[in-house]
Structures are given as C-alpha cells and as structure tokens.
Amino acid sequence: VDPWQLIDKFGADTLRWYLLAVSPPWVPTRFDEDGIREVASRFFGTLINVYSFFVMYANIDKLNPAALNIPVKDRPEIDRWIISRLNTLIKQVNENMPEYELTKIVRSIGAFLIDEVSNWHVRRSRERFWSNEFDTDKKSAYLTLYEVLLALSKLMAPFAPFISEDIYLNLTGGKALESVHFEAYPEVNEALIDSELEERMGLVITLVS
C-alpha cells in the first residue's frame, strides 16, 4: 500500500485516525481501504457537519460565543448533560493516555461525537438555534456547542493534527494561542460531571433507539 496515494485521496488525518481506530497497534489486522472511507464519511464527515452547522448559525446571528457567560448550572438539562458527558470523556481519555490505549481513546471520541453530540444534542437543539428569540436558551445552545467543539479540537489534536488546528483557529479567531498544539491537554472538571443525569439521559436515548 502506497501511503502517499491514500493521503492524497483521504487526507493524513483520516489515515492516522483509521490506523488507530481499527485495532491496537500490536494486533495484526488486514488493511482495508473501505475502512478508511468509512472513517472519512462517518467520523470526519460528522465532525465537519456539526462544525459547519455551528459556524453557519453563529455567523447568521453575528455571535461571538466566547463572549457569552452562562454558568453550566443555569443551562437547560440537555446542555448540562453534554457538558457532563464531555468531562467524563476527558477523564477517560486522560486515564487511557499513560497506558497508550490509543485505540480506546479515538473510539471513545468517535462515539461521543457521533452518538451524543451529533445524533442527540445537536438534533434536539436545532430549534433552539433557529429561534428568533435571542434568549438564555439560545445563548446556552451556542455556548455549549462552542465549548464542546473547542474541547474536541484539543482532545483530537495528537491524533488528527490538521483538522484540529483548523477548527481551533477558526473558533478562537486569533484570540487564543497561535496553535492548538500549544494548548495544555484538556483536564476533567469533576464538578461538571452529573452521573445521575448521564444515566437518566442514557436511558432516554436507549428507549428512543
């Protein structure tokens, strides 16, 4: 397999993510180009769609989410839930990093983005972004999705360095560090983890599924 042909076709980030996600490095696996194609559409396609959705409506509303200041405890339940899930993910990633459990890490990031951010939080928050009322509910939706995307860009940076850099620089608008790779790696905020809320929302998601 010529890696440069695959990089030209799918991008370096996609190839890196596929090789980490398909199996642990010490486990033999049959290389499958269709697997790279699935990573490109399912994970990176979802990431780009969620990010584009956020940017499009933020631009329409001429909004700078970083300027908003709404404590997590004052946000709607679905926002508190995704922030809790984000911090649980950060905790899991930081526990797996010292053990070099990179496959577990990228798979958990992928599941969080696809199943929880895109298929649940964004889908059930669309009308909040469409609302003509620029109230606390709408501001909370913007701020929460902004925080999730910014945290994901930092979590993904070691594994998908190029798209992480683009998302980080665009979200921060030059008002943060010069690169996502200069940022400290995210650390868990235990105070924002609500295990009971996660369990209850998980039950709802299972029932809906």
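When we screen Ile60, Ile82, Ile7 for residues that are of a type outside the set (D, E, K, R) and open to solvent by 70 Å² or more (accessible area, probe 1.4 Å), the only hit is Ile60. In the range 31-45, of all residues being farther than 13 Å from Arg16 by Cα and within 19 Å of the chain's Cα centre (by Cα), the one that is surrounded by the fewest Cβ atoms within 10 Å (Cβ to Cβ) corresponds to Ser41.
Does Trp26 satisfy the criteria of being open to solvent by less than 10 Å² (accessible area, probe 1.4 Å) and of a type in the set (Phe, Trp, Tyr)? The answer is no for Trp26. Contact map, the range 11-39: first residue within 14 Å of Gly110 (Cα to Cα), second residue in a loop (DSSP other than H, G, I, E, B) and small (Gly, Ala, Ser), Cβ cut-off under 7 Å, separation 6 or more or different chains; pairs are Asp13/Ala160; Arg16/Ala160; Trp17/Ala160. Of the conditions (1) closer than 23 Å to Glu198 by Cα; (2) in a helix (DSSP H, G or I); (3) open to solvent by 70 Å² or more (accessible area, probe 1.4 Å), Phe112 satisfies every one except a single condition; which number is it? All conditions pass for Phe112, except number (3).
Among the residues making up the range 181-209, those that are over 14 Å from Glu147 (Cα atoms), open to solvent by less than 100 Å² (accessible area, probe 1.4 Å) and among the hydrophobic types (A, V, I, L, M, F, W, C) are Ala184, Ala191, Ile193, Leu197, Met201, Val204, Ile205, Val208. Report every pair of residues separated by at least 6 positions or lying on different chains whose Cβ atoms are under 9 Å apart, first residue within the range 198-209 and in a helix (DSSP H, G or I), second polar (S, T, N, Q). Matching pairs, first to second residue: Glu198/Ser84; Glu198/Thr88; Met201/Ser84; Ile205/Asn119. Go through the range 103-140 and count every residue that is hydrophobic (A, V, I, L, M, F, W, C) and closer than 17 Å to Leu68 by Cα. Going through the range 103-140 one residue at a time, the tally reaches 2.
Tell me the residue from Leu68, Leu47 that is modelled with pLDDT of 95 or more and of a type in the set (A, V, I, L, M), please. So the residue among Leu68, Leu47 that is modelled with pLDDT of 95 or more and of a type in the set (A, V, I, L, M) is Leu47. Looking at the range 61-81, can you tell me whether even one residue there is within 14 Å of Leu152 (Cα to Cα) and in contact with a helix residue (DSSP H, G or I) (Cβ under 6 Å, 6 or more places away or on another chain)? For the range 61-81, residues within 14 Å of Leu152 (Cα to Cα) and in contact with a helix residue (DSSP H, G or I) (Cβ under 6 Å, 6 or more places away or on another chain): absent.
The values are calculated or read from the model by the stated rules, or taken from the named source; none is laboratory data. Given the structure is predicted, the values throughout are model-derived calculations rather than measurements. Every residue, glycine among them, receives a Cβ derived from its backbone with ideal geometry; neighbour counts consider all protein chains shown. The area values use the complete protein model at the heavy-atom level, side chains included, leaving out ligands, DNA and RNA. Shrake-Rupley method; radii C 1.70, N 1.55, O 1.52, S 1.80 Å.
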